[in-house]
C-alpha cells in the first residue's frame, strides 16, 4: 500500500508543471523546534499566545522582546532536517514552477537552500522599525533589548502576531500559485490556521491534486486526494 502511494505521488509530481508545497510547524518540530501551540506553552508564567500580539508589545515591549530572545536562543543551533533538504533539492533540480509556502518563522527552509519561499507569518530573524517601516535581518543572539533602528525608532520582530493581517503581497502570491498549482503538498500543518489552511482548497477547486503528509489526521484529511500519515523527514526524501 505504501509503495503504491509513493508511486502515485511521484507520478503526479512528474506530470505536473506547477507544484506548491505548504509547510507547517510539524516540519520544524522534526528539527527540534518547539511547536507554538504544543505542550509547555508557558514562558515565565505567560502564555505564548498572550505575548505574540501588538497589544502586548505596546504594553510591555521589553517583556515581548525577552520572550523572542528566548525563542531565538533556542533556534540558534537548530539545523534543517531531511524534509527541508528534500524540498530544496526538488526546487533546484526538478525544473518545475515550484513555490514553497511556509507558516514557520524559523528560517530553516532558507538555511537548507530553498530560494522561492513565501513566509506567511514572517521571520524571527528579521526586525521591523515602527517609525520608518524598514525591514532588515537581525541574527543577534542574544538580541539587544530594546533594539532600535538607525532612525531612532523601536524595532519589533517581523512576525505576524495574533490580530494582525498577513503581509498582503505575500498572501496574494500564495493565493495565486495555489490556485494555479497542479499539485499541492500540505506538509506538517494542523490545517486549522486560516487563511493558510484554505490554500489546499484553492488547488482542489482548480482541479489540482492535493496531498497531505502528516503523522496524524487533520481537519483537511477528508478532502485530500492522497493522505500519508508519516513524518515529513522520512517520507519527502522518498518522493522528491
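Any read-out appearing in this document is the output of simple, stated calculations on the displayed coordinates, not a laboratory observation. All figures in this text were calculated on a predicted structure; none of them were measured in a lab. Here Cβ is always computed from backbone atoms with ideal geometry, including for glycine, and neighbour counts include all displayed protein chains.
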| task | In a Gaussian network model over the chain where Cα atoms closer than 10 Å are linked, find which of 31, 114, 94 has the largest mean-square fluctuation. | result | 94
| task | Subtracting the Cα-Cα distance from 0.36 nm times the residue separation, let me have the gained length for residue 14 to residue 145 in nm, one decimal. | result | 42.2 nm
| said: With both bridge residues required to lie in the chain, what share of the DSSP beta bridges run antiparallel, to the nearest 5%? | reply: 35 percent
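Of the DSSP beta bridges with both residues in the range 117-240, give the percent that are antiparallel, rounding to the nearest 5. The partial results should precede the final answer.
Values: 9 of 17 bridges.
Restricted to the range 117-240, the bridges split so that about 55 percent are antiparallel.
What percent do you get for the relative contact order of the range 62-157 when only Cα pairs under 8 Å and 6+ apart count? Write down the numbers at each step before the final one.
On the way: 131 pairs, mean separation 26.9, N = 96.
With pairs under 8 Å counted, the relative contact order is 28 percent.
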| query | Against the longest principal axis of the chain, how steep is helix 2-15, in degrees 0 to 90 to the nearest 10, with axes from Cα atoms? | reply | 80 degrees
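Could you grab the relative contact order for the chain? Cα pairs under 8 Å, six or more apart, rounded to a whole percent.
Working: 421 pairs, mean separation 60.4, N = 240.
Here the relative contact order equals 25 percent.
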| request: Compute the acute angle (0 to 90°) between the alpha-carbon long axis of helix 82-93 and the principal axis of greatest extent of the alpha-carbon atoms of the chain; round to the nearest 10°. | output: 70 degrees
| task | Note down the nm distance, to one decimal, between modelled labels 7 Å out along Cα→Cβ at residue 216 and at residue 168. | result | 3.8 nm
| message | Pairs of alpha-carbon atoms within less than 8 angstrom and 6+ residues apart define the contacts here; what relative contact order does the range 83-211 have, in percent? | response | 18 percent
| Tensor-based shape of the range 185-227 (alpha-carbon gyration tensor, a/c under 1.5 rounded, otherwise prolate or oblate) | oblate
| Using 7 Å Cα-to-Cβ label points, what is the residue 94/residue 194 separation (nm, one decimal)? | 2.8 nm
| query | Once the Cα atoms of helix 61-75 and of the chain are each reduced to a long axis, what angle between those two axes, in degrees from 0 to 90 to the nearest 10, is obtained? | reply | 40 degrees
